[in-house]
1. With just the Cα atoms of segment A:542-586, tell me how far they stretch along each of the three principal axes, in Å, largest first.
2. Can you tell me which lysines have their Cα less than 22 Å from the Cα of A:Lys163? Leave out same-chain residues fewer than eight positions away.
3. If we count other beta carbons within 10 Å of each Cβ, what is the order of A:Thr455, A:Thr445, B:Thr39, fewest first?
4. Compute the distance in nm between two label points, each set 7 Å from the Cα along the Cα-to-Cβ direction, one at A:Met243 and one at A:Ile281.
5. Please work out the ratio of the alpha-carbon Rg of segment A:363-505 to 2.2 N^0.38 Å and round it to two decimals.
6. Gain in length, A:Arg405 to A:Glu66, computed as 0.36 nm per residue apart minus the alpha-carbon separation, to one decimal in nm?
7. Expressed as a fraction of 2.2 N^0.38 Å, the rule-of-thumb size for a compact globular protein of N residues, what is the C-alpha radius of gyration of chain B?
8. Work out Dmax and Rg for segment A:179-329 from the C-alpha atoms and quote the Rg first, both in angstrom.
Amino acid sequence: MCGIAGFVDMERRVAEGRRQLELMIHTLSHRGPDGYGFHLDDCVGLAHARLSIIDLSTGDQPIRNENGDCLVVFNGEIFNYIELRASLEVAGHRFYTRSDTEVIVHLYEEYGDNFVAHLNGQFAIALWDSTRRRLVLARDRVGIRPLFYMERGTRLWFASEVKALLAADRRAARLAPEGIAQTFCFWSAIDPQTAFQDIKSLPPGHVLTVEASGTRHTRQYWDWQFPEVGSFPAAQSIDETAMQLRGLLRDAVRLQLRADVPVGAYLSGGLDSAIIASLGIQPNGPRLRTFSVSFSDAEFDESPYQQQMADFLGTDHSTVRCRPSDIGACFPQLVYHAEAPLLRTAAAPLMLLSRAVREHGIKVVLTGEGADEVFGGYDIFKEAKIRRFWARQPASRWRPSLLGRLYGYLDNSPVDNAGMTRAFFERGLSNANGATFAHEPRWTTSASSLRFLSTGMRASLGPWTPIAWYAHQLPVTVAHISPMARDQYVEAHTLLAGYLLSSQGDRVAMANSVEGRYPFLDHRVIEFGNALPDRYKLRGLKEKYILRRAMAGMLPDNILNRIKQPYRAPDNESFFQAGQPLEYVADLMSGDRIRAAGYFDAGAVGRLLDKCRAGRVRGFANNQAFVGILSTMLLDELFVRGNTVLRSGHERPDALTHSLSTDSLVSD
Amino acid sequence: MDERRKIKSFILQNFLFTDDDAAVSDSDSLIARGVIDSTGILELILFLEESIGIKVQEDEMVPSNFDSIDSIVSFVARRAGS
């Protein structure tokens, strides 16, 4: 794992190129604390910050091919590098390291830009071909590793994080109204949009090339694909399918255990992480190291299930107990790493968790992320299934009552009252074939935060209707796949890539130099899941049916049959103590600061703050508005205004997490 | 302050975070316009019980009683008269 940065300019030599590379890569030291590497010539600069995981002794980057005309810097892992290397050696390629990185340059020699199709892994790659004088940037299929870029005239800069691009050009430190508004609806900006005006994110599954002529071209090499309705192959028996899936998951985990350092695992208490951890136990291997977050508030806490799984698997388990005050204290540091507005605080406990992982000497953890997207685990899929069923008989009283079976885990459930449930979920019912049908209730709730935008922000957005806008971004092919596949497609391209894998994934792990690995997001597993009929995934209202079937007999029954509980954390209450906002919150949310920054309406924010202070905020809409506004103000403070006090969390990762006392770190 | 004024002012401040009377009209559907969501209903009922002094019964928790300022006002009036 690592950080990369660099630039290319085919026309003009970059003045003080080496200095610029150093400024950029030093901002990414948290991603790669084990050393830096550089390459600089007339038109290109490459920099690398290294976190040593494979080939600790000779894996320094940039890595080159036999005659040195092809160079690569790379963040991530190529899990099938052993198999790739064997076949490349047969084809005559010679290797000088044992690293996974080296297969990239040789694959490029063999296959050109299509080298990415051979990789099984999670990666952001910058490859320089000095013979043809061209730069190739590539990002993994689902967006596990980030890659940003910035263009000015003939020059293009790229980096693993926005902060490295801002180090190259401070003028880019301006927030984008579109990026903020998209985040307030969809929980993240939609690639290539970011929260910053001049900075783009290379979308997952894409390759960007810069040719010697200066021409730039972006190409998609992979996407989530689902069979067209009616084209499913004759389904195998469910038992055969389940056994194939078990074998595939075993193989995905086997590949992802490859490392020259110990690999740990997260246990959330749910099914998915339990599956991955159980498959991660190697016969005759060392005791598996596992980690969990627990909460003082019972609504969020899953520690009994976590402990049960740790006992069942016999792992060496540690738990970080997270209090609301811990979240409030580390939130500025979280925003510094996420580089985006956030609508929820749930990423904060995971940043505290990765810190504990690192303190225990572990650099790599397996997680269960991805199973809900691939195998249909989320309530949003069930909710859409019921709403579509209801839409066929809109007058039915019984059909909407099925919604009452969802959301049992919420204290203030949206389905507590049948009449209200009906009124709330009735909106959009007439559009049951629309591409965004499943997501409309969620996005409408989130988008209510847009009413806090200032008149200036509204003016710069113009007449923008978020849901219709997003529907327009989708490829036309989604109209031909099943409704559930469509819901999965949208989920994978919004919440998964934009938020779960970034703000709540890569960024919070790399904040503490920890690499997350995601066996459910091995592209073979995704392609296997996508080819299955919907009923193998959501059987009636039983989610992830095939996955449970695949793991039958390998996990305790109550874990195997457990209903999905989404991972959440306390929101607005994390920022108040005895009715008073934390000091930085009071400052950033004050009328003067809100007016000076210009993003929000100071009167509306003041009323929301009063409502939070009085302890009267419940439900998602107000909580998301509060967290969204606060995180946007922090983004402005940290990156636009360059507040060095709050940023010091970067130099000293402990500075803002002091309230996570050592006694709250319980090991057994 | 009459009850209509009190109710409207609560809706404006608590759900729309504004003092601008034009932000919602008395006949607007609060649910369809997204002013009140499922948890918003709980906040509204709490307000009616605490500030207007009526108790909302389980069988009265139906959208038709709460879907607009007009319908809330007439619900409150019916309860006061009964």
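Coordinate-derived values only; no laboratory data. Since the model is a prediction, treat every value here as computed from it, not as a measurement. Counting neighbours? That spans all protein chains shown, and the Cβs are built from the backbone with ideal geometry, glycine included.
1. The Cα atoms of segment A:542-586 stretch 52, 16, 15 Å along their principal axes.
2. Hits, sequence-local ones excluded: A:Lys200.
3. Ordered by Cβ neighbours within 10 Å, fewest first: A:Thr455, A:Thr445, B:Thr39.
4. Rounded to a tenth, the inter-label distance reads 2.3 nm.
5. 1.16
6. Contour length minus the Cα-Cα distance gives 115.9 nm.
7. 0.99
8. For segment A:179-329, the Cα-based Rg and Dmax read 21.7, 61 Å.
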